[in-house]
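> Could you have a look at this structure, given as structure tokens, before my questions?
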Amino acid sequence: MVLSRRDYGDPMIKYNEPNPLNIFNLRRMAHCPPHFHKVEFDLNTYDTVVSAWIYENLEGRFNYGQIDSLSSAGKLIRRHRAAFELAGEASYFALCLVDINTYPGIF
């Protein structure tokens, strides 16, 4: 069964108060500023599950994407990184990542 955004609520309005960053499309950053707090992880679920969780449960600005690095053996490693403007949101995401990353997905 595939659920749509309508089935799990509108992430733009939480507790009957809209988030101004969502309204003006300023919440998800296209690049990662140096002052953001970064959480790197290996992805075991869909990108949309992680993005939807961030939109639903956090309120500040964030960046989400892939990063490439080289291992000591010269092998290319691709990992995912979520970076948050607020340190508390980065900590909350890191604590919940075990549940988010193993969720089979609703998309």
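> Which whole-number percent is the relative contact order of segment 36-102 (Cα, under 8 Å, 6+ apart)? Intermediate results must be reported in sequence, preceding the final value.
Values: 88 pairs, mean separation 31.1, N = 67.
Over segment 36-102, the number comes to 46 percent.
> Suppose the chain between A30 and L76 were pulled fully straight at 0.36 nm per residue; how much longer would it get relative to their current alpha carbon spacing? Walk me through the numbers on the way to the answer.
Values: separation 46, 0.36 × 46 = 16.56 nm, distance 2.31 nm.
Extra length from A30 to L76 when fully extended: 14.2 nm.
> Output ³J(HN,Hα) for segment 63-80: one whole-Hz value per residue in order, computed from phi by the Karplus curve 6.51 cos²θ - 1.76 cosθ + 1.60 with θ = phi - 60°, and x for Gly and Pro.
10, 9, x, 9, 10, 10, 8, 9, 7, 5, 8, x, 8, 7, 10, 10, 10, 9
> Please name which of S72, L58, F93 has its Cα lying farthest along the dipole of segment 36-102 towards the positive end, using unit charges on Cβ (Lys, Arg +1; Asp, Glu -1) and the Cα centre as origin.
S72
> So, one more: Taking the Cα-to-Cβ direction at K38 and at S69 and moving 7 Å from each Cα, how far apart do the two end points lie in nm?
0.7
Readers should treat all values here as calculations from the given coordinates under stated rules, not as data from a laboratory. This structure is a prediction, so every number in the text was calculated from the model and none was measured. With ideal geometry, Cβ positions are generated from the backbone for all residues, glycine too; neighbour counts draw on all protein chains shown.
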